[in-house]
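Here the structure comes first, spelled out in structure tokens, and everything after it is commentary.
The values are calculated or read from the model by the stated rules, or taken from the named source; none is laboratory data. Source: prediction; values computed, not measured. Neighbour counts run over all protein chains shown; Cβ positions are idealised from the backbone, glycine included. Please note that ligands, DNA and RNA were not included when accessible areas were found on the heavy atoms of the full protein model with its side chains. Shrake-Rupley method; radii C 1.70, N 1.55, O 1.52, S 1.80 Å.
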Amino acid sequence: MNDLISVVDWSRWQFALTAMYHWLFVPLTLGLGVIVAIMESIYYRRRDSRWLAITKFWMRLFGINFAVGVATGIILEFEFGTNWSNYSWFVGDIFGAPLAIEGLLAFFMESTFIAVMFFGWKKVSPAFHLASTWLTAIGASLSALWILIANAWMQHPVGMVFDPAQMRNVMDSFGDVVLSPVAIHKFFHAVLSGWVLAGIFVIGVSSWFLLRRRATAMALSSIKVGGWVALAGILGTLWSGDGSAVDVARVQPMKLAAMEGLYNGNRDQSIVAFGLLNPAKTPQNDEDEFLFAVKIPYGLSFLATHNPHAFVPGINDLIDGVIINEDGDTAYTDSYADRIAIGKRAHEALRAYDVASAAMNTAAMDSAKSVLMDNYRYFGYGYLDSPYEAVPPVAVTFYAFHIMVTIGGYLLLFILLVMWAAYKRPAMFDKKWLLWLGLISVPLVWVCSEAGWVTAEVGRQPWIIEGLMPVRAAISDISAGTVQTTFWLFALVFTAFLAAEVCIMLRSIDKGSRTDYENYKD
């Protein structure tokens, strides 16, 4: 048992390591592709060699980041087969379909047109080259779409039915999987946040140009394009984030409770603006939830239901079976203890079906299947021994969520300031404090982006598929030592990738700062 727990923990750490490194590169690819396409569109319309040089500079940075992102992403997908083979078997028919489409269509599309984008400047017409640049950016977003559909399905499994004869789930509605509101909001939230990150990246690099008094006209032009993309991105991120919050309240209420450190819910529920959790607080005791907290009245009720007076359940409420129904009203359902009992009945029925199947006893198979399907809704809870095992790590989820929200609020104000300065007070870019804010905002936007993913993934623990399969049931039959070895190898390789990207990026930025954009010759 100890070895099993060790394998689970190390496999989780390895996947988290891979995913977080991969996500360092993905949002920049998503946003910078759009920015480069906009810049080339300006060049195509104006036929201004200065915009051609600007486009090629940012395109070079896009290419460096794209290459490293692909390398880390391929390893991430392989881990489903190496470390999570039980998961892959159990839901491979559903989870694998979006990933297959991503590989066959979206990634093929972007990898094809990226060749024209980088090497076709004098080999194809300007219109075809511009189309290739846009198709590369669109292909990157389509890749993200299918991956995020797969991830959203893990957060809210729909469009499937369990087949006891195969001992696995099979898809019965592709439309339900693709058009799930969770998937739609997750796609827009992730992609548009990538626009924010790339826009801030462009503003930050351009701020460095201005601090060094190099290529100042190019830097100011880049700030305007990056600023518009960042502004559109952050407004879209706020919209999609609002939709995601309602989705979480509806289909993952335990995650929402952990995001707010809420143990006992209420109507007119306030939201925590700033707070420090009480580390001694657990669902089993009566300790205060916070050492201190600044709260906004009615905030969480409005965030979760758009009704400032609605009831929002806390961790203890959910364990006892108190929820919000589809209409946003307080409702009662099975307690977690009852769910565990129902889930265990489903497990027993599945074992009985397997025995009957081996004996070719059709009547017993039909009887066992009937009991299984009647209890299958809580199949995942049958793996748990205590209701408290279904509570995610509250501290990590709470602080990650509030870091994301706090930095996101700062970024909105910063983007508005930059856009106001760019169009109304250009002389402000002579102020070093504003340029330093631009530089400081670059690492902050990455912290915000990573914190969002930590909230999404840690907040749904212990589930690899919400309510259907816990992480500990999803792993492969491998030794803890094997996973530990590959963890450290991946940590070394990914750190080397990151260091190489940063070094190459810095060299390219320095070289770009010395380019004569006003008299550029291709």
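Would you mind telling me the share, in percent, of accessible area of the stretch 1-131 contributed by carbon and sulfur at probe 1.4 angstrom?
71
Over the stretch 27-80, what is the mean sequence separation of C-alpha contacts under 8 Å (at least six apart), divided by residue count, expressed as relative contact order in percent?
Result for the stretch 27-80 is 38 percent.
With point charges of +1 on the Cβ of Lys and Arg and -1 on the Cβ of Asp and Glu, referenced to the Cα centre of the stretch 139-243, which listed residue (203, 148, 235) lies farthest in the positive direction of the dipole?
The residue sitting most towards the positive pole is 203.
Spin-label point model (7 Å from Cα, Cβ direction): what's the residue 78 to residue 266 distance in nm?
It works out to 5.3 nm between the two label points.
Calculate for the chain the 222 nm mean residue ellipticity that helices alone would give, adding -39,500 (n - 2.57) per DSSP H run of length 4 or more and normalising by residue count, nearest 500 deg cm²/dmol.
Taking each H run of at least 4 residues, the total per residue is -24000 deg cm²/dmol.
Ignoring ligands, DNA and RNA, how do 362, 216 rank by accessible area with a 1.4 Å probe, largest first?
Listed by decreasing accessible area, they come as 362, 216.
What percent does the relative contact order of the stretch 386-522 come to when contacts are Cα pairs within less than 8 Å and at least six residues apart?
With pairs under 8 Å counted, the relative contact order is 31 percent.
What FRET efficiency, computed as 1/(1 + (r/R0)^6) with R0 = 51 Å and r the Cβ-Cβ distance, is obtained for residue 112 and residue 334, rounded to the nearest 0.05?
0.50
Ignoring ligands and nucleic acids, what accessible area does residue 518 show with a 1.4 Å probe (Å², nearest 10)?
100
For the chain, build the charge dipole from Cβ charges (+1 Lys, Arg; -1 Asp, Glu) around the Cα centre, then report which of 280, 27, 39 sits farthest towards its positive end.
Most positive-ward Cα: 39.
Over the stretch 48-114, average the accessible area per residue using a 1.4 Å probe and give it in Å², no decimals.
Per residue, the stretch 48-114 has an accessible area of 36 Å².
Mean Kyte-Doolittle of at least -1.0 and a Cα length of 30 Å or more along the axis: which whole DSSP H helices of the chain meet both?
Passing helices, by number: 2-46, 49-82, 126-155, 181-211, 216-251, 336-358, 394-424, 432-458, 480-513.
Express in nm, to one decimal, how much length is gained between residue 515 and residue 499 on full extension, taking 0.36 nm for each residue of separation and deducting their alpha carbon distance.
Between residue 515 and residue 499, full extension yields 3.3 nm more.
From the protein chains alone at 1.4 Å, what is the descending order of accessible area for 444, 435, largest first?
Ranked list, largest accessible area first: 444, 435.
R0 = 41 Å: FRET efficiency of residue 348 with residue 396, Cβ-based, nearest 0.05?
0.75
How high is the relative contact order of the chain, in percent, counting Cα pairs under 8 Å that sit 6 or more residues apart?
20
Considering only protein heavy atoms, what per residue accessible area in square angstrom results for the stretch 386-481 with a 1.4 angstrom probe?
42
Under a point-charge model restricted to the Cβ atoms of Lys and Arg (+1) and Asp and Glu (-1), what is the dipole moment magnitude of the chain relative to its Cα centre, in debye to the nearest 20?
Dipole size: approximately 3080 debye.
Among 67, 417, 188, which residue has its Cα positioned farthest towards the positive end of the charge dipole of the chain, with +1 placed on the Cβ of Lys and Arg, -1 on the Cβ of Asp and Glu, and the dipole taken about the Cα centre?
Farthest towards the positive end: 417.
Rounded to two decimals, what is the ratio between the C-alpha radius of gyration of the stretch 1-80 and 2.2 N^0.38 Å?
1.64
Roughly how many whole Å is it from the C-alpha centroid of the stretch 275-321 to that of the stretch 2-41?
What the calculation gives is 30 Å, centre to centre.
Within 10 Å of each candidate Cβ there may be at most 14 other Cβ atoms; applying that plus a DSSP loop requirement, which trypsin sites (Lys or Arg not before Pro) in the stretch 260-345 survive?
For trypsin sites (Lys or Arg not before Pro) across the stretch 260-345 that sit outside H, G, I, E and B with at most 14 neighbouring Cβ atoms in 10 Å, the list reads 267.
Using the Kirkwood radius over Cα pairs, work out the Stokes-Einstein diffusion coefficient for the chain at 10 °C and 1.306 mPa s, in µm²/s as a whole number.
64
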